[in-house]
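In what follows, a structure is listed as structure tokens, so that the remarks can point back to it.
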Amino acid sequence: MAGLTIRALRASDIEAVTALINLPGFRFGTLRLPYQTVDETRKRFENAGPGQVNLVAELDDRIVGDAGMMRYLGRRSHAASIGMGVHDDFTGKGIGSALLAELIDMADNWLNIKRLELSVYTDNGAAIALYRRFGFEEEGLLKAFAFRAGGYVDAYAMARVRLKPL
């Protein structure tokens, strides 16, 4: 997409990212509660541990997507979990694909991560299709995974395992 930049999250992005993650559609696909504060977002950014990657998608100087990867430690250091979301007004325009491609590139070519994991609500068909296009497979069903909008929702545990060595 012309004008789209994927880059590391900066401290100066905190207010824009807070506004993004508070959007109803963005939040609906995550575990976030409504009305996250700027301070909560700032703490998440400041407390990022080693091996954590935080990216944003910027389109014409506007934050339109957010993605992160958290590498596990010890005997699971070959694996990481990922999460991402796209601005309500910009879904279906390739932003999620661009964010996911960058996370996978970092995992495969810079961090030597063999296994990427995620959870996705079973009613999020667009996200499931995106993950499948990038080689993620359902590994299990997580029943009553989260309480959302007054009811429980199931999620898939999905993973992408890099089988061939680099």
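The values are calculated or read from the model by the stated rules, or taken from the named source; none is laboratory data. Bear in mind that the values here come from a model prediction, so they are computed numbers and not experimental data. When we count neighbours, we look across all protein chains shown, and the Cβ atoms used for this are built from the backbone with ideal geometry, even at glycine. What goes into the accessible areas is simple: the full protein's heavy atoms, side chains included, and nothing from ligands, DNA or RNA. Shrake-Rupley method; radii C 1.70, N 1.55, O 1.52, S 1.80 Å.
Please work out if Ile63 is of a type in the set (Val, Ile, Thr), open to solvent by less than 50 Å² (accessible area, probe 1.4 Å) and not in a helix (DSSP H, G or I). Spelling it out, Ile63 is indeed of a type in the set (Val, Ile, Thr), open to solvent by less than 50 Å² (accessible area, probe 1.4 Å) and not in a helix (DSSP H, G or I). Residues that are open to solvent by 80 Å² or more (accessible area, probe 1.4 Å), of a type in the set (S, T, N, Q) and either assigned to a loop (DSSP other than H, G, I, E, B) or at pLDDT below 90 (or both) within the range 1-55 comprise just one, Asn47. Remark: pairs (first residue in the range 4-16, of a type outside the set (Ser, Thr, Tyr); second residue open to solvent by 60 Å² or more (accessible area, probe 1.4 Å); Cβ separation under 6 Å; 6+ apart in sequence or on different chains) = Ile6/Glu102; Ile14/Arg42.
It is to be established whether one or more residues within the range 94-115 are open to solvent by 40 Å² or more (accessible area, probe 1.4 Å) and in contact with a helix residue (DSSP H, G or I) (Cβ under 8 Å, 6 or more places away or on another chain). Checked against the condition, which is being open to solvent by 40 Å² or more (accessible area, probe 1.4 Å) and in contact with a helix residue (DSSP H, G or I) (Cβ under 8 Å, 6 or more places away or on another chain), the range 94-115 yields no hits at all.
When we screen Gly135, Gly140, Gly94 for residues that are over 19 Å from Tyr72 (Cα atoms), touching a strand residue (DSSP E or B) at 6+ places or on another chain (Cβ under 8 Å) and in contact (Cβ under 8 Å) with a residue 40 or more places away in the chain, the only hit is Gly94. Exactly one residue out of Ala155, Ala127, Ala80, Ala149 is within 23 Å of Arg27 (Cα to Cα), within 17 Å of the chain's Cα centre (by Cα) and touching a residue at least 60 places away in the same chain (Cβ under 8 Å): that is Ala127.
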